[in-house]
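The values are calculated or read from the model by the stated rules, or taken from the named source; none is laboratory data. Note that this is a predicted model, so its numbers are computed, not measured. Here Cβ is always computed from backbone atoms with ideal geometry, including for glycine, and neighbour counts include all displayed protein chains. Please note that ligands, DNA and RNA were not included when accessible areas were found on the heavy atoms of the full protein model with its side chains. Shrake-Rupley method; radii C 1.70, N 1.55, O 1.52, S 1.80 Å.
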Amino acid sequence: MKASPSVWTGRALSGLFVVFMLAASIAPKFLMSGMVFPIRRIVA
């Protein structure tokens with residue numbers, strides 16, 4: 001069975017959403033350890 005492009009798009013978006021949720025749950029730990037602040041200076 002070959003999946004249609006719309007199915008693959010949905011899978012890709014779901015994967016990105018999962019990665020985003022994991023990053024959002026991990027980010028506060030980095031904020032508390034102070035590792036995000038140097039990255040923020042580079043981005044901002």
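Give segment 15-31 a look and list any residue that's open to solvent by less than 70 Å² (accessible area, probe 1.4 Å) and either touching a Ser or Thr at 6+ places or on another chain (Cβ under 9 Å) or modelled with pLDDT of 90 or more (or both), or say none. G15 - this is the single residue of segment 15-31 that is open to solvent by less than 70 Å² (accessible area, probe 1.4 Å) and either touching a Ser or Thr at 6+ places or on another chain (Cβ under 9 Å) or modelled with pLDDT of 90 or more (or both). If I ask for residues that are over 11 Å from the mean Cα position of the chain (by Cα) and among the aliphatic types (A, V, I, L, M), which ones from segment 14-31 would you list? Answer for segment 14-31, where residues must be over 11 Å from the mean Cα position of the chain (by Cα) and among the aliphatic types (A, V, I, L, M): just L31.
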